[in-house]
Amino acid sequence: MISILDEDFSQLNVFLEQLKPSKIFILVDENTHQYCLPKLLGNLESEIPFEIIEIEAGEELKTVETAAQLWQILAEFEADRKCLIINLGGGVITDLGGFVASTYKRGVKFINIPTTLLGMCDASIGGKTGVDLSFLKNMVGTFSLPEKIFLYPKFLETLPFVELRSGFAEMLKHGLIADSKHWEDLISINDLTFENITPYIERSMQIKQEVVEKDFREENIRKTLNFGHTIGHAVESLFLESGKAIPHGEAVAMGMICETKLSELEGLIDEKISSQIISTINHYFPTLIIENFSENEIMNLMKNDKKNSLQNIHFSLITNIGSCVFYHSASDKNIKFCLEYYKNQQN
Ligand SMILES: NC(=O)c1ccc[n+]([C@@H]2O[C@H](COP(=O)([O-])OP(=O)(O)OC[C@H]3O[C@@H](n4cnc5c(N)ncnc54)[C@H](O)[C@@H]3O)[C@@H](O)[C@H]2O)c1
Ligand SMILES: [Zn+2]
């Protein structure tokens, strides 16, 4: 499923040779057009005709409206069911492009070539595709696997630091829920540079891949990947709605701090370990200013989250570094306490 690309992208050329799609559509945003597409096109040896489709960068464009425009463009190019969509970009491109591919003509094949750290370690893997609906994250989507994921870590050379750090949050999450050694390796990194992080990308991908293989439709263990995301997604949606979208990983880092504290309050993890985790995350990530959002707003968003049912908010929480429980229903009182705890860090 995951293939690591050599400098000449030979693995991609072999794949295309075998698949023989009728046409290729390469979906990029303005940044991946500039920084990543030349490398891809420079190595593409295929005779198969291709088109480049560019959208503006940013989460704001991960919408049903953009998906509709892309369906329209595919139809105008007379894309048939044997075409291939190559998603070349971060999580926005792979989520959106995967969604469009999995719905256009009831589904055409697609591959992901992630170009952000978050895309490599998380979004490109696992077959969740989708778009946001009225600022609610990933409300519409499908479970559809890409034919393949191609990894080329050097794409990260041009990724801004803030985006690199965003992906690092998901890597830390993988360590916390599944592998204490991975966590230790990651926190030994002082400077978050692409060179320092690259050696650990494959382990992070593997953790995600293993969890997804056990539970593709998120009925049980896949829920552990939502650690930090129940509170994180609610806050991310509020920032998005206020016109100040923040990188996904910053919301996840905030969510992991709150949900680590919650794990402690719910009696699942030692106070000492919880404090150590929280101070580590704080060492890498800025504290988000969430004063403008009321606790009720955040609570309501969590209650409406598609992962919750019957108004109970369920969490994936950690019991130690490297182990996790899921479907844990926490008390409203403890959830509110965690939000207060986070806000007080700002003072
Ligand atoms: N499907 C999943 O399982 C899953 C998992 C995690 C996150 N996600 C989704 O992923 C999205 C976030 O992904 P993201 O953080 O990659 O965001 P993104 O796709 O918006 O990329 C971040 C920024 O980096 C730019 N960029 C991308 N590659 C670059 C490169 N090589 N050099 C320079 N700039 C580059 C982009 O243009 C963009 O401005 C969110 O929508 C989130 O919901 C999905
Ligand atoms: Zn995430």
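Observations, loosely collected:
- In the chain, the longest principal axis of the Cα atoms and the axis of helix 201-214 are about 90 degrees apart.
- Disulfide-incompatible cysteines by the Cβ rule (no partner under 4.7 Å) in the chain: CYS36, CYS83, CYS121, CYS324
- Whole-number D in µm²/s for segment 74-219 (Stokes-Einstein; Kirkwood sum over Cα pairs; 20 °C, 1.002 mPa s): 135 µm²/s
- When shorter helices are ignored and each DSSP H run of at least 4 residues is given -39500 (n - 2.57), the per-residue value for the chain at 222 nm works out to -14500 deg cm²/dmol.
- Which of HIS229, HIS328 has the fewest Cβ neighbours within 10 Å, and the rest in rising order: HIS328, HIS229
- Across segment 230-347, counting alpha-carbon atoms alone, Rg and Dmax equal 13.4, 38 Å.
- Cross-link pairs exceeding 25 Å in C-alpha to C-alpha distance, out of LYS137/LYS244; LYS109/LYS181; LYS62/LYS244, comprise LYS109/LYS181.
- Rounded to whole Hz, the Karplus (6.51, -1.76, 1.60) HN-Hα couplings of segment 160-173, x for glycine and proline: x, 3, 4, 6, 5, 5, 4, x, 4, 4, 5, 5, 4, 4
- Degrees separating the helix 229-241 axis from the principal Cα axis of the chain, which is the longest one: 70 degrees
- Take the convex hull of the alpha carbons in the chain; its mean projected area over all directions comes to 16.3 nm².
- For segment 1-156, average projected area of the Cα convex hull in nm²: 7.9 nm²
- If you wrap the tightest convex hull around every Cα atom of segment 70-153 and split its volume per residue, you get 86 Å³.
- Equivalent ellipsoid semi-axes, segment 160-288, via Cα gyration tensor eigenvalues times 5, rooted, Å: 20, 19, 17
- Spatially, segment 198-274 and segment 47-76 are offset by 29 Å when compared through their Cα centroids.
Values in this text are rule-based calculations from the coordinates and carry no lab data. None of the values given here were measured: they were computed from a predicted structure. Cβ coordinates were reconstructed from backbone atoms using ideal geometry, including for glycine residues, and neighbour counts include every protein chain displayed.
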